[in-house]
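Worksheet for the structure shown next.
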Amino acid sequence: MTDEARPAALAAVFDGPAAGLRLQALPLPAPAPREVLVRIVAATVCGSDVHTVRGVRTEPTPSILGHEGVGLVEISRRPGVEPGHLVTFAICDVCGSCDRCATGLSQKCRALMKYGHSTLSSGCGLNGCYSTHLLLRAGTHIVRLPPGLAANPPLAAPANCALATVMCAARAVQTHLAAAPRTRALVQGAGLLGLFACAVLRDELRFEHVFCSDTVAERRAMAGRFGARPLEPCQLDEDAGGNPPMADSFDCVIEVCGTPKVFPSGLRCLRPGGCYILVGLVHPQSQLEVTGQQLIRKCATVAGVHNYAAADLDRAVAYLERVCQDNTYPLQDLLSPAFALEQIQVAVDRSGDFYRALIRP
Ligand SMILES: [Zn+2]
Ligand SMILES: [Zn+2]
């Protein structure tokens, strides 16, 4: 067979912020044992990819970006995963046997590989979702989509980053609050993680009241549709009479907005003994204004959550299936109209107009 006749994948390759994205054909690999070759049927543009393309964060290149996605299995060498299955997958490929994997922190595996963050020279190169194909490695947790999501794969695309991370944050809240009452929670930021957090805190953690703060009115309105009471950030500082009415009132605060300036008001609003989970501040401009005394006098737990473990993805998919079947939330409104792979640059440029820009390679 000549090179031209050989089946190939088409991928959007990223060479760095100055060069943008270009399409390139790459040979399709033959999967090794436990590897699975999927065709990407839906991918969504996560905020971290936008930061990479714009040069806000630096990733090794050349690479195929994109880690939120759903694949249709084409070739499988893993028992239980069959051609024709629609699957999502953990964004981390892990060894499963190092000390970190063994202690429930597999996202920090010593042999970690992350989809959408690895160069073309790593493995077969098909490591990202902005591509017709992706090779799932032997240590990657794979979850088959249940029927409701399989009928609408784009809805499931953000499950393996945004929603699974929220599930990991919810698990941290559960751990830190243990048997303490779960009355009031605050979510700072009404982007996609914030919306999912509002829903999960109510539905899964059974908080009576979930509040969500955001500077943007449309986002606050969407948080309302995800079960939260919307707040303007200034409402956390003081009321019309100059009093801080929310002081000491939340059992937990989850930060998913990425802005360090929300930290002082979040901490002030946390009740003594409460927990503050940081998720969105995963960038260098995240210096916090806090004294040790403030944390100590509050008996506060402050915890960072980065990515997630395999069981969080299982929970994310099961939860999303349930709310999808029940039509609980306006999930479809979170996605843009579909962009083709050829329009990837436009999709990234316009990603700020949507909760998630959707690519259908
Ligand atoms: Zn992501
Ligand atoms: Zn490991």
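The values are calculated or read from the model by the stated rules, or taken from the named source; none is laboratory data. Here the structure is a predicted model, which means the values were calculated and not measured. A quick note on method: Cβ atoms are made from the backbone with ideal geometry, for glycine too, and the neighbour counts reach across all protein chains shown.
Below, the figures for the structure above:
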quantity	calculated
Any hit, the stretch 86-94, residues being at pLDDT 95 or above, more than 16 Å from ligand 2 (Cβ to nearest atom) and farther than 30 Å from SER351 by Cα	no
Residue within the stretch 10-33 that is in contact with a strand residue (DSSP E or B) (Cβ under 9 Å, 6 or more places away or on another chain), within 16 Å of ligand 2 (Cβ to nearest atom), under 19 Å from ASN160 (Cβ atoms) and not hydroxyl-bearing (Ser, Thr, Tyr) present	no
Looking only at the stretch 41-83, and only at residues there that are part of a loop (DSSP other than H, G, I, E, B) and more than 22 Å from CYS124 (Cβ to Cβ), the one that is nearest to ligand 2 (Cβ to nearest atom)	GLY80
Enumeration of residues in the stretch 95-126 that are crowded, with 18+ Cβ neighbours inside 10 Å and out of contact with any His (no Cβ under 8 Å at 6 or more places or on another chain)	CYS101, SER106, CYS109, LEU112, MET113, SER118, LEU120, CYS124, GLY125
Residue in the stretch 29-41 that is within 16 Å of ligand 1 (Cβ to nearest atom), of a type in the set (A, V, I, L, M), in contact (Cβ under 8 Å) with a residue 12 or more places away in the chain and assigned by TED's automatic domain parsing to the domain that holds ALA150 present	yes
Wholly enclosed strands (runs of 3 or more DSSP E) of the stretch 146-248 bearing at least 3 residues in contact with a Phe, Trp or Tyr (Cβ under 6 Å, 6 or more places away or on another chain)	184-188
Residue that is among the polar types (S, T, N, Q), away from ligand 2 (no atom under 13 Å from the Cβ) and part of a loop (DSSP other than H, G, I, E, B), where the choices are SER122, SER97	SER122
Single residue of THR140, THR132, THR119 found to be more than 16 Å from the chain's Cα centre (by Cα), closer than 24 Å to VAL279 by Cα and not small (Gly, Ala, Ser)	THR140
Residue satisfying condition, being among the hydroxyl-bearing types (Ser, Thr, Tyr), within 17 Å of the chain's Cα centre (by Cα), within 23 Å of VAL166 (Cβ to Cβ) and assigned to a loop (DSSP other than H, G, I, E, B), within set TYR319, TYR308, TYR329	TYR308
